[in-house]
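What follows is a short report on a single structure.
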Amino acid sequence: MLMTKNKKILLHVCCAPCATACVERLLANDRDVSLYFSNSNINSKMEFEKRLSYVEKIAGIFDVGLEIDIYRHDDWLEHVRGLENEAEKGLRCVKCFEWGLRRTAQKAAALGIESFATSLTVSPHKNSRIIFEVGNQYSGFDALDFKKQDGFKRSRELSKEFVLYRQSYCGCEFSIN
Ligand code: SF4
(Lines give C-alpha, C1' and ligand atoms only; values in the text may rest on other atoms or scores of the structure.)
Protein backbone atom coordinates (compact mmCIF):
# COMPACT_ATOMS: atom_id res chain seq x y z
CA MET A 1 0.00 0.00 0.00
CA LEU A 2 1.54 3.32 -1.07
CA MET A 3 1.23 6.12 1.45
CA THR A 4 2.60 9.64 1.56
CA LYS A 5 5.02 10.23 4.44
CA ASN A 6 4.01 12.57 7.26
CA LYS A 7 0.78 13.55 5.62
CA LYS A 8 -2.18 14.28 7.86
CA ILE A 9 -5.12 11.96 7.53
CA LEU A 10 -8.55 11.81 9.15
CA LEU A 11 -9.59 8.19 9.61
CA HIS A 12 -13.31 7.51 9.74
CA VAL A 13 -13.64 4.74 12.32
CA CYS A 14 -16.66 2.47 12.34
CA CYS A 15 -15.62 0.81 15.60
CA ALA A 16 -12.54 0.25 17.75
CA PRO A 17 -11.76 -3.33 16.64
CA CYS A 18 -11.69 -2.39 12.94
CA ALA A 19 -9.72 0.79 13.66
CA THR A 20 -6.83 -0.93 15.46
CA ALA A 21 -5.02 -2.45 12.49
CA CYS A 22 -5.73 0.64 10.34
CA VAL A 23 -4.22 3.04 12.88
CA GLU A 24 -1.24 0.77 13.45
CA ARG A 25 -0.54 0.65 9.71
CA LEU A 26 -0.97 4.37 9.17
CA LEU A 27 1.37 5.19 12.06
CA ALA A 28 3.92 2.67 10.75
CA ASN A 29 3.80 4.64 7.50
CA ASP A 30 4.45 7.93 9.33
CA ARG A 31 0.96 9.27 8.75
CA ASP A 32 -0.25 11.93 11.17
CA VAL A 33 -3.55 10.29 12.14
CA SER A 34 -6.69 11.63 13.76
CA LEU A 35 -9.82 9.54 14.22
CA TYR A 36 -13.37 10.54 13.39
CA PHE A 37 -16.22 8.68 15.05
CA SER A 38 -19.16 9.44 12.76
CA ASN A 39 -21.69 6.65 13.12
CA SER A 40 -25.30 7.79 13.07
CA ASN A 41 -26.05 4.39 11.53
CA ILE A 42 -25.79 2.74 14.97
CA ASN A 43 -29.19 1.60 16.15
CA SER A 44 -29.27 3.22 19.60
CA LYS A 45 -27.53 5.98 21.55
CA MET A 46 -26.51 3.43 24.17
CA GLU A 47 -24.73 1.29 21.57
CA PHE A 48 -23.21 4.43 20.01
CA GLU A 49 -21.78 5.44 23.39
CA LYS A 50 -20.50 1.93 24.08
CA ARG A 51 -18.64 1.71 20.77
CA LEU A 52 -17.35 5.25 21.22
CA SER A 53 -15.92 4.42 24.66
CA TYR A 54 -13.70 1.75 23.07
CA VAL A 55 -12.65 4.10 20.29
CA GLU A 56 -11.62 6.55 23.03
CA LYS A 57 -9.62 3.72 24.56
CA ILE A 58 -7.64 3.02 21.39
CA ALA A 59 -7.14 6.74 20.71
CA GLY A 60 -5.40 6.79 24.09
CA ILE A 61 -3.40 3.63 23.40
CA PHE A 62 -2.14 4.92 20.04
CA ASP A 63 -1.94 8.53 21.25
CA VAL A 64 -3.88 9.96 18.33
CA GLY A 65 -6.55 12.66 18.16
CA LEU A 66 -10.25 11.88 18.15
CA GLU A 67 -13.14 13.91 16.77
CA ILE A 68 -16.74 12.87 17.48
CA ASP A 69 -19.70 13.54 15.23
CA ILE A 70 -23.16 14.15 16.64
CA TYR A 71 -25.55 11.19 16.74
CA ARG A 72 -28.42 11.71 14.28
CA HIS A 73 -29.97 8.30 13.82
CA ASP A 74 -33.40 9.64 12.81
CA ASP A 75 -31.80 11.57 9.96
CA TRP A 76 -29.79 8.50 8.99
CA LEU A 77 -32.99 6.43 8.88
CA GLU A 78 -34.48 9.04 6.55
CA HIS A 79 -31.33 8.80 4.39
CA VAL A 80 -31.83 5.03 3.88
CA ARG A 81 -35.63 5.11 3.72
CA GLY A 82 -37.02 2.45 1.34
CA LEU A 83 -33.90 0.30 1.67
CA GLU A 84 -34.68 -1.20 5.07
CA ASN A 85 -35.12 -4.71 3.67
CA GLU A 86 -31.92 -4.73 1.65
CA ALA A 87 -29.46 -7.46 2.62
CA GLU A 88 -26.16 -6.45 4.18
CA LYS A 89 -23.72 -5.47 1.37
CA GLY A 90 -26.69 -4.16 -0.65
CA LEU A 91 -27.89 -0.67 -1.57
CA ARG A 92 -28.64 0.38 2.01
CA CYS A 93 -24.98 -0.12 2.83
CA VAL A 94 -23.93 2.01 -0.16
CA LYS A 95 -26.13 4.83 1.17
CA CYS A 96 -24.67 4.26 4.62
CA PHE A 97 -21.11 4.58 3.26
CA GLU A 98 -22.19 7.80 1.52
CA TRP A 99 -23.41 9.24 4.81
CA GLY A 100 -20.24 8.46 6.76
CA LEU A 101 -17.73 9.32 4.04
CA ARG A 102 -19.42 12.59 3.11
CA ARG A 103 -19.42 13.70 6.73
CA THR A 104 -15.79 12.66 7.08
CA ALA A 105 -14.84 14.62 3.95
CA GLN A 106 -16.62 17.67 5.37
CA LYS A 107 -14.91 17.26 8.74
CA ALA A 108 -11.47 16.84 7.16
CA ALA A 109 -12.01 20.03 5.14
CA ALA A 110 -13.16 21.92 8.25
CA LEU A 111 -10.05 20.78 10.14
CA GLY A 112 -7.70 21.57 7.25
CA ILE A 113 -6.71 17.91 6.93
CA GLU A 114 -5.89 17.13 3.34
CA SER A 115 -6.94 13.49 3.17
CA PHE A 116 -9.27 10.98 4.74
CA ALA A 117 -9.85 7.22 4.70
CA THR A 118 -12.09 4.72 6.42
CA SER A 119 -11.59 1.68 8.62
CA LEU A 120 -14.57 0.07 6.87
CA THR A 121 -12.21 -1.47 4.30
CA VAL A 122 -10.59 -3.74 6.89
CA SER A 123 -13.70 -5.89 7.20
CA PRO A 124 -14.22 -8.94 4.99
CA HIS A 125 -17.95 -8.10 5.24
CA LYS A 126 -17.39 -4.87 3.30
CA ASN A 127 -16.61 -4.60 -0.41
CA SER A 128 -13.64 -2.22 -0.70
CA ARG A 129 -14.31 -1.53 -4.39
CA ILE A 130 -17.76 -0.15 -3.55
CA ILE A 131 -16.37 1.88 -0.65
CA PHE A 132 -13.79 3.35 -3.03
CA GLU A 133 -16.47 4.23 -5.59
CA VAL A 134 -18.37 6.09 -2.88
CA GLY A 135 -15.30 7.70 -1.33
CA ASN A 136 -13.95 8.92 -4.64
CA GLN A 137 -16.98 11.20 -4.96
CA TYR A 138 -15.38 13.35 -2.26
CA SER A 139 -12.24 15.42 -2.48
CA GLY A 140 -9.33 14.11 -0.43
CA PHE A 141 -10.39 10.47 -0.25
CA ASP A 142 -7.44 8.12 0.16
CA ALA A 143 -8.45 4.70 -1.19
CA LEU A 144 -6.61 2.56 1.35
CA ASP A 145 -7.63 -1.09 1.45
CA PHE A 146 -6.83 -2.10 5.00
CA LYS A 147 -7.94 -5.70 4.53
CA LYS A 148 -4.83 -6.28 2.43
CA GLN A 149 -1.75 -7.71 4.16
CA ASP A 150 -3.92 -9.63 6.65
CA GLY A 151 -5.41 -6.44 8.06
CA PHE A 152 -8.50 -8.14 9.42
CA LYS A 153 -6.45 -10.86 11.12
CA ARG A 154 -4.30 -8.16 12.72
CA SER A 155 -7.42 -6.28 13.90
CA ARG A 156 -8.59 -9.44 15.67
CA GLU A 157 -5.20 -9.89 17.34
CA LEU A 158 -5.09 -6.27 18.54
CA SER A 159 -8.72 -6.33 19.70
CA LYS A 160 -7.89 -9.30 21.88
CA GLU A 161 -4.71 -7.70 23.18
CA PHE A 162 -6.51 -4.44 24.06
CA VAL A 163 -9.59 -6.28 25.41
CA LEU A 164 -12.01 -4.44 23.10
CA TYR A 165 -15.74 -4.90 22.76
CA ARG A 166 -16.44 -6.78 19.51
CA GLN A 167 -20.06 -6.26 18.57
CA SER A 168 -22.08 -9.06 16.98
CA TYR A 169 -23.77 -6.90 14.30
CA CYS A 170 -22.68 -4.19 11.90
CA GLY A 171 -24.53 -1.24 13.38
CA CYS A 172 -28.03 -0.45 12.17
CA GLU A 173 -31.15 -2.22 13.44
CA PHE A 174 -31.50 -3.93 10.05
CA SER A 175 -28.21 -5.76 10.58
CA ILE A 176 -29.27 -7.39 13.85
CA ASN A 177 -29.96 -11.10 13.32
S1 SF4 B 1 -25.53 -3.14 7.68
FE2 SF4 B 1 -23.85 -1.82 8.38
S3 SF4 B 1 -23.04 -0.79 6.53
FE4 SF4 B 1 -25.07 -1.67 6.05
S5 SF4 B 1 -26.52 0.01 6.42
FE6 SF4 B 1 -26.44 -1.17 8.32
S7 SF4 B 1 -24.85 -0.16 9.55
FE8 SF4 B 1 -24.60 0.56 7.46
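The values are calculated or read from the model by the stated rules, or taken from the named source; none is laboratory data. These figures come from a predicted structure and were not determined experimentally. Heads up, the Cβs are rebuilt from the backbone with ideal geometry, glycines too, and the neighbour counts pull from every protein chain shown. Heavy atoms of the whole protein, side chains included, go into the accessibility calculation; ligands, DNA and RNA do not. Shrake-Rupley method; radii C 1.70, N 1.55, O 1.52, S 1.80 Å.
Overview of values
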| read-out | value |
| --- | --- |
| Accessible-area composition of the chain, carbon plus sulfur, in percent [1.4 Å probe] | 48 percent |
| Positive-end extreme of charge dipole, the range 3-47 - chosen from SER40, CYS15, ALA28 (charges on Cβ) | ALA28 |
| Full-stretch length increase - LEU83, LYS153 - with 0.36 nm per residue and alpha-carbon distance subtracted | 22.1 nm |
| In range of the label at GLU56: residues from the range 87-114 whose backbone nitrogen is under 12 Å from the point 7 Å along Cα→Cβ | none |
| Relative contact order computed over the chain (Cα-Cα under 8 Å; 6+ residues apart), in percent | 30 percent |
| Among ALA16, ALA59, ALA28: highest mean-square fluctuation, GNM of the chain, C-alpha pairs under 10 Å | ALA28 |
| Neighbour-limited loop hits for GluC sites (Glu not before Pro), the range 70-126 (at most 11 other Cβ within 10 Å; DSSP other than H, G, I, E, B) | GLU84 |
| Selected from ALA87, ALA108, ALA117 as most flexible by GNM, with the chain as the system and alpha-carbon contacts under 10 Å | ALA87 |
| Which listed pairs, of LYS45/LYS148; LYS8/LYS45; LYS7/LYS50; LYS7/LYS89; LYS50/LYS95, have C-alpha distances above 28 Å, in listed order | LYS45/LYS148; LYS8/LYS45; LYS7/LYS50; LYS7/LYS89 |
| Dipole magnitude of the range 8-175 about its Cα centre (Cβ charges: Lys, Arg +1; Asp, Glu -1), debye to nearest 20 | 360 debye |
| Whole-number accessible area per residue in Å² for the range 126-174, which is evaluated in the context of all protein chains at 1.4 Å | 58 Å² |
| Dipole magnitude of the range 56-106, debye to nearest 20 (Cβ charges: Lys/Arg +1, Asp/Glu -1, about Cα centre) | 160 debye |
| The range 127-177 versus the range 1-79: alpha-carbon centroid distance in Å | 10 Å |
| Highest-fluctuation residue, LEU91, LEU111, LEU77 considered, GNM on the chain with Cα pairs under 10 Å | LEU111 |
| Whether the range 76-139 is rounded, prolate or oblate, judged on the alpha carbon gyration tensor where a/c under 1.5 counts as rounded | oblate |
